[in-house]
1. Please state which of the following conditions His222 fails to meet, knowing it meets all the rest: (1) assigned to a loop (DSSP other than H, G, I, E, B); (2) away from ligand 1 (no atom under 16 Å from the Cβ); (3) closer than 25 Å to His101 by Cα.
2. Does the stretch 33-57 hold any residues that are over 17 Å from Gly98 (Cβ atoms), of a type outside the set (A, V, I, L, M) and surrounded by 21 or more Cβ atoms within 10 Å (Cβ to Cβ), and which are they?
3. Just to be sure before I move on: is Val204 under 15 Å from Gly19 (Cβ atoms), over 19 Å from the mean Cα position of the chain (by Cα) and in a loop (DSSP other than H, G, I, E, B) in the structure I sent?
4. Considering Ile110, Ile158, which residue is away from ligand 2 (no atom under 16 Å from the Cβ) and part of a helix (DSSP H, G or I)?
5. When you scan the stretch 210-223, do you find a residue that is touching an Asp or Glu at 6+ places or on another chain (Cβ under 7 Å) and buried (at least 18 other Cβ atoms within 10 Å of the Cβ), even just one?
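Derivation of every value follows stated rules applied to the coordinates shown; laboratory data play no part. Just so it is clear, the model here is predicted, and its values are computed rather than measured. When we count neighbours, we look across all protein chains shown, and the Cβ atoms used for this are built from the backbone with ideal geometry, even at glycine.
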Amino acid sequence: MATMKDLRGDAPTWCPGCGHFSIMAGIQKSMIELGYEPHEFAIISGIGCSGKVSEYIRSNSFHTIHGRSVPIAQGVKMGNPNLKVIASGGDGDGYGIGLGHFVHASRRNIDMSYIVMDNSIYGLTKGQTSPRSEHGFVTKSASSENKEYPVDPVCTSIINGATFVAQGYSGNIKQLTHIIKRAIEHRGFSHVNIFSPCVTFNKVNTYDYYKERLISIEEPFHTRDAAIQSLREHHGLVTGILFEELRDDYQTKLGIDFDMQSVQSGEMDHERLTLMQE
Ligand code: SF4
Ligand code: MG
């Protein structure tokens, strides 16, 4: 069984106290507790401070261009269905330039997890407003306060058909690990949005901010409407597994779910393999 040492990649260069450390640890703990080895995972990341996670966790990995972690991850899963695939990135990467991919992945339901490190700011480029920055948010780099309203990530994935939607917080690693494990085990597209304070540039959405406001739920809501209603009532600040539904994933619908060993041993049905390679 893999240990934390086995899953350690390059030494992180994140700022001390950055919320992303807990998310990385949550992914590593989940891999260990579920009994996976590094070669059984692929982590695909986008651009931003969060994008470095694919280098910091030892596994198959690909650090791709801005906003494209989800389509690359979908391709990896289609190419090798035996891999557990995680796409990861920040709120700027996933809910800005990558928003279209996120919506389509939600409705497509390929078996993979999308873990978003949501710090409501662009951290790597030194603190600009992001698609998740609050209305009225002020940064050093802008001439005035934010005049736009933030994207609502979990309501977006719920509305667009994602079969597993959850929200976590970097300050609660126990809950976070539980959520990530369940997301990895879920068969279909699982979306996990994680409030992850940027201690260097975001002086509004801090650990104290979340500690005072977040409420957590023990059980998922039974319907998409109920989940959305609760999220609206609590300004989106609800953590836990919000909604889960069991539905055939994309590979099952295409009939290309198979054991990689059957390909390697030559037993793989030629027609199905051709379909996969197209
Ligand atoms: Fe984390 Fe912000 Fe530092 Fe980036 S700039 S490593 S998001 S604390
Ligand atoms: Mg960000």
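1. (3)
2. Phe41, Tyr56 - these are the residues of the stretch 33-57 that are over 17 Å from Gly98 (Cβ atoms), of a type outside the set (A, V, I, L, M) and surrounded by 21 or more Cβ atoms within 10 Å (Cβ to Cβ).
3. In short, yes.
4. Residue meeting the stated conditions: Ile158.
5. Yes: one or more hits.
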